[in-house]
Amino acid sequence: MPVTPDKPGPYASPQSVVEIITRHRDRGLPSPITAEVLGRAGIPDSLIPRTLQSLLALDLTDEAGNISEVFESIRKAPEAEYQGRLQAWLNSAYADVLNYVDPANDDEIKIRDAFRSYKPTGQQDRMVTLFVRLYAAAGVRAPKPVAARAATPRIRAQAQKLPAVRTRVRPQNLGPGPSVYEFPKAGGLPAPIEGLLATLPDEGTGWTKDRRDKFVTTFEAVLDFCFPIVSTALVPADGSHGGGQPMR
């Protein structure tokens, strides 16, 4: 049965679904596929319920967990026909969504709009990720991530307002060691940090945990790049950095 808005959509981890498909194709899985079977196949406990639900929603199993004819046809497909068989399966499973989007060419913003009537509402981002990654596994070009595409104009706009980066300087009394960079300031912050902050979502709109975690990881790297950790012996007693001048 196709995925439709009147029943829960699939939102399992793409890695989990692809792993189960690959494992059944290469080694075979017992039928019915149960939580125990998924656990022994290496699916983390926290992901098992949504993986079982997604296998059902995508017509790989029936309500009792029995492996479907569709899943068996994917397993038996010759290697030369494998990706084509995956595409045929996905085109059938996502027939409703394909009335509105082309997975080969449309970006994730348009795909996200196609899933806005699907339930549960809070899992729609995961539905989009699963949709895109499964079509990628089937050999269909995946659109670029929304975050990277949306951030580009804002970062470019910030960069256009900034002066050129000044050359590196080295304090004369510190001897050999890492160079200290002076970054152009925009709003009192180094340009790389200013540009990264420009990618934050608008206040009140929120973002996914995955996007937040990626931002925090990137911010830590940029922070260390702009303000390298140095020996406490090189930091003035008042904790200042000399107003951008080399520390003495």
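Summary table below
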{"quantity": "Positions within the stretch 77-86 being under 11 Å from Arg25 (Cβ atoms) and in a helix (DSSP H, G or I), in sequence order", "calculated": "Glu79, Tyr82, Arg85, Leu86"}
{"quantity": "Segments classed as helices (runs of 4 or more DSSP H), wholly inside the stretch 27-76, with at least 1 members that are in contact (Cβ under 8 Å) with a residue 60 or more places away in the chain", "calculated": "48-57"}
{"quantity": "Tyr118 aromatic (Phe, Trp, Tyr) and either at positive phi or without any contact (Cβ under 8 Å) to a residue 60 or more places away in the chain (or both)", "calculated": "no"}
{"quantity": "The stretch 17-33 - residue that is closer than 22 Å to Val132 by Cβ and either among the β-branched types (Val, Ile, Thr) or not assigned by TED's automatic domain parsing to the domain that holds Ser73 (or both) and, of those, surrounded by the most Cβ atoms within 10 Å (Cβ to Cβ)", "calculated": "Ile20"}
{"quantity": "Residue identified as surrounded by 13 or more Cβ atoms within 10 Å (Cβ to Cβ) and modelled with pLDDT of 95 or more among Glu72, Glu36", "calculated": "Glu72"}
{"quantity": "Filtered residue count, the stretch 123-148, keeping only those that are more than 20 Å from Gln83 (Cβ to Cβ), touching a helix residue (DSSP H, G or I) at 6+ places or on another chain (Cβ under 8 Å) and modelled with pLDDT under 95", "calculated": "4"}
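The values are calculated or read from the model by the stated rules, or taken from the named source; none is laboratory data. Computed from a predicted structure; not experimentally measured. Methodologically, a virtual Cβ is constructed for each residue, glycine included, from the backbone with ideal geometry; neighbour enumeration extends over all protein chains shown.
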